[in-house]
1. So for each of 296-303, 38-45 I average, over its residues, the number of other beta carbons within 10 Å; can you give me the resulting order with the highest mean first?
2. Which peptide among 19-26, 316-323 comes first, and what is the full order, when sorted by highest mean count of other Cβ atoms within 10 Å?
3. Taking all protein chains in place and a 1.4 Å probe, what share, in percent, of the accessible surface of the range 276-367 do carbon and sulfur account for?
4. Keeping all protein chains in place, calculate the accessible area per residue for the range 42-89 (probe 1.4 angstrom), answer in Å².
5. Between ARG92 and GLN268, what length comes free when the chain is fully extended (0.36 nm per residue of separation minus the Cα-Cα distance, one decimal in nm)?
6. On the protein heavy atoms, probe 1.4 angstrom, tell me the percent of accessible surface of the range 9-58 carried by carbon and sulfur.
7. Going down the list LYS58/LYS296; LYS247/LYS296; LYS58/LYS79, which pairs span over 24 Å between their C-alpha atoms?
8. Return one whole number: the accessible area per residue of the range 257-320 in Å², for a 1.4 Å probe.
Amino acid sequence: VEVRFGSTEEQLDQLKNDTAELVSRLRSSEKQLEDLKTANTDMEVRLGSTEVQLDQLKTHTAVLEVRLRVGERQLEEQKTENSVLFSQMESRLTDGHNRTTELVIRLGSSEKQLECLKTTNTDVEVRLGSTEGQLDQLKNHTAGLEVRLRVSERQLEEQKTTNSAQFSWMESRLTDELSRTAEFETKLSAVTFRLNVTKEQLDDLKKQSLVRAAELATFSERLTAALGNTAEELNVAFSAGLTDTGKVGPFDEETTLIFSKTITNIGQGYNSSAGVFTAPVRGLYFFSFTAADYLKGYMGVYLYRNEQPIIFSLDLNDHGGYASTTSAVALQLDEGDQVRLALPASYRLYDDSRNFSVFSGFLLFPV
């Protein structure tokens, strides 16, 4: 029994050693399992962060694509506008060349007639002198009106910027051609005044006087339109808030925004019931607007002159809090032209008593 008991104790000690080793290996395995779980948790966190960054990158990419499309469309519109301006300048330059050629031909013909006609009629000279005096008076009066008109036009030109170096170069060429044309006209007038005026030439002079009178009438009308407005007609300004009811939109189709909260309306040009400003006089106007919202997504507003879209202001609210977009533009309007803001389909805005969304405009000066 002692021998068997001793053997059993040995087996029990060995079993304890084996158990201790197994416990040690189990603890090592549990530690490795905990390390593996920790590593998996870190991987999940990094994966979540990567997915968030990927979503943000997608959103930013979408915004950039929208802004790129808007920029491309504006670039195309600018190219079209520049092409039209260049075509107009080329047309005016061609007309100047044609007029110069015609004047050269007429000058040559007049010089030949001057060489052939050396005698003059006293009565015709007296009548010519009287006509010249009347024409000089008409020219002086026209020159005065032209100076006043140039002052008004220069004030408008100071507000504009030159589109490109080519445009300036073509204007310079056109100015040179017009100067040459004016010189030829002066020479032609001098030669014509020295000719033995026949009845037919006197009729031509009368026709020129009628043309000058028509130009004078045109200048007078333009000058009257530019300077004949009363002080009350030139005081034009308005500001209006959108609404106090909160959200506006989205709508199934593009809708004119009615800014119903009139803040200022000097000159009564803004209609708060229709959301439309109507120009009371011809002139250069300045408009600005601010549009706000508080939900994630895009918000955008069109500004129209009559039925022509002038500006599309777009912004992305990617954080879900209050956000706004602001734009401004100077527009030359004729009397009766209308300006309004429109909300595209599926877009929305927000406003309340704090006036987040406001539409404003005023007359800079008449033209």
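1. Going by the mean number of other Cβ atoms within 10 Å, highest first, we get 296-303, 38-45.
2. Output ranking for 19-26, 316-323: 316-323, 19-26.
3. 49
4. 83
5. 59.4 nm
6. Whole-percent figure for carbon plus sulfur exposure: 54.
7. Flagged as over cut-off: LYS58/LYS79.
8. I get 44 Å² per residue for the range 257-320.
The values are calculated or read from the model by the stated rules, or taken from the named source; none is laboratory data. Worth saying up front: this structure is predicted, and the values here are computed from it rather than measured. For neighbour counting, all protein chains shown are included, and Cβ atoms are generated from backbone atoms with ideal geometry for every residue, glycine included. In case anyone asks, the SASA skips ligands and DNA or RNA and just uses the protein heavy atoms, side chains included. Shrake-Rupley method; radii C 1.70, N 1.55, O 1.52, S 1.80 Å.
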